[in-house]
Amino acid sequence: MATSAPVDYGFLREIVFRLSQNVLDASRDYLFDTRLTSLLRSQGLTQVEELIQLLRLRKNPALERAIAEAMTINETSFFRDGRPFEVLRAELLPQLIESRRSTRTLRFWSAACSTGQEAYSLAMLLRENFQMLASWNLRVEGTDIASEVVERARQGRYCRIEMNRGLPARYIVRYFEHTGEEWIAKPEIRQLCHFRQANLCVPPAPFYERFDVIFLRNVMLYLSRETRCALLASIHRLLAADGVLFLGSTEQPADPSLWRTVLCGGTSFLRPL
């Protein structure tokens, strides 16, 4: 009896790395079968091997990008790991507000925003705790490599499960409208948040202006050391001299010569050197 040839997952891993710099281990090849289901269906295909054969026959940049986006980790929640937000509220933002009184401007960046919960968490933090900033120029930027999740972030629409992950009940009542089975972010936080698609690992950087606070959490876990160094060097250029960078709880700067680690409130953040 003839047996089917093994699926060439290495071909797909190379596409993902080339377009997103994400390093996928072969032990996680099974994720291709689950995460590409919708993409296969949209192409009239049923098997991952058919998709590979299609791309071998004819190069399709749009389809390759769709594969890379589908394999991006989009795990997020409101106020995820609340300690960075608490340190920001109690320690860092009062300092930044004092030093920015002349310009009355603060810029934040959720550098891998997924469906937007981190960016909206920052907006709620500002509105809830710093009413004196009502007349300031506040801006929360959110970027992600995946166009689908960026569009969801722009809409600010979330289901019950998403709302129940890390979001205090009083924030739900104050900052969201309940419509059918969804909750929609109200204008007072949506107007602070701006989302765009961007690949952090491919120059040029998506911004030229500097930021006061950057969240780059749980991104570098999936990148090579070379890519991490290049990404953090780019982030370093975009962070204000007295700005703050938050990484994931298990992540460390790839080039310690550029950063000073500060321990505070049960978490840590980075200052540029």
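Derivation of every value follows stated rules applied to the coordinates shown; laboratory data play no part. What you see is a predicted model, and the numbers here were worked out from it, not measured in a lab. FYI the Cβ positions are ideal-geometry reconstructions off the backbone, even for glycines, and counts take in every protein chain you see.
Could you rank the peptides 161-172, 234-245 by their average count of other C-beta atoms within 10 Å per residue, with the highest value first? Kindly include the intermediate steps, with their values, before the conclusion.
On the way: 161-172: 14.7, 234-245: 18.6.
Per-residue Cβ counts within 10 Å, averaged per peptide and sorted highest first, yield 234-245, 161-172.
What number, rounded to the nearest 500 deg cm²/dmol, is the helix-based mean residue ellipticity at 222 nm of the chain, given -39500 (n - 2.57) per DSSP H run of at least four residues and division by all its residues? Write down the numbers at each step before the final one.
Details: 13 runs with 107 residues, N = 273.
Only helices count here, giving -10500 deg cm²/dmol.
What number comes out for the charge environment of Q21, summing +1 per Lys or Arg and -1 per Asp or Glu over other residues with Cβ under 10 Å away?
On the way: positive: R18, R228; negative: E226.
Counting the neighbours of Q21, the net charge comes to +1.
Give the value in nm², to one decimal: projected area of the alpha carbon convex hull of the chain, averaged over all directions.
Details: hull surface 67.5 nm².
Result: a mean projected hull area of 16.9 nm².
Suppose the chain between Q47 and R165 were pulled fully straight at 0.36 nm per residue; how much longer would it get relative to their current alpha carbon spacing?
Working: separation 118, 0.36 × 118 = 42.48 nm, distance 3.41 nm.
Length gained, Q47 through R165: 39.1 nm.
Counting only the backbone N, which residues of region 61-103 are under 17 Å from the spot 7 Å out from the Cα of S147 toward its beta-carbon?
Of the residues in region 61-103, 61-72 have backbone N under 17 Å from the label point off S147.
Take every Cα pair under 8 Å in the chain that's 6+ residues apart, average their separations, divide by the length, and report that relative contact order as a whole percent. List each step's numbers first, then the result.
Numbers: 393 pairs, mean separation 47.2, N = 273.
Value for the chain: 17 percent.
Could you tell me how many degrees, from 0 to 90 and to the nearest 10, lie between the Cα long axis of helix 61-70 and the main elongation axis, the longest principal axis, of the Cα atoms of the chain?
Here the helix axis deviates by roughly 60 degrees.
How far is helix 225-238 tilted, in degrees, relative to the longest principal axis of the Cα atoms in the chain, given as a value from 0 to 90 rounded to the nearest 10?
30 degrees
Taking the Cα centre of region 9-70 as origin, sum charge times position over the Cβ atoms of Lys and Arg (+1) and Asp and Glu (-1), and report the length of that vector in debye to the nearest 20.
On the way: 9 positive and 8 negative charges, 45 e Å.
Computed about the Cα centre, the dipole is about 220 debye.
Report, to one decimal in Å, the Kirkwood hydrodynamic radius for region 9-70 based on all distinct Cα pairs.
In region 9-70 this quantity evaluates to 11.6 Å.
Would you mind ranking C229, C201, C193 by Cβ crowding within 10 Å, fewest neighbours first? Before the final figure, lay out the partial values.
On the way: C229 16, C201 19, C193 24.
In order of increasing Cβ crowding within 10 Å: C229, C201, C193.
Under the definition of Cα pairs under 8 Å and six or more residues apart, what whole-number percent is the relative contact order of region 9-70? List each step's numbers first, then the result.
Values: 38 pairs, mean separation 26.6, N = 62.
Averaging sequence separation for qualifying contacts and normalising by length gives 43 percent for region 9-70.
Grab the beta carbon distance between L133 and A241, set R0 = 22 Å, and tell me the FRET efficiency rounded to 0.05.
0.55
Would you please give the residues with an amide H less than 5 Å from that of V219, counting only those at least 5 places away or on a separate chain, with H modeled from the backbone geometry?
Residues meeting the criterion, in which the H sits 1.01 Å from N, are G248.
What does the extension gain come out to for R174 and L57, with contour length at 0.36 nm per residue minus their alpha carbon separation?
On the way: separation 117, 0.36 × 117 = 42.12 nm, distance 5.36 nm.
Taking 0.36 nm per residue and subtracting the Cα distance, the gain is 36.8 nm.
What GluC sites (Glu not before Pro) does region 25-79 have in DSSP loop regions with at most 13 other beta carbons within 10 Å? Walk me through the numbers on the way to the answer.
Values: sites: E49, E50, E64, E69, E75; in loops: E75.
Counting only loop positions with at most 13 other Cβ atoms within 10 Å, the GluC sites (Glu not before Pro) in region 25-79 are E75.
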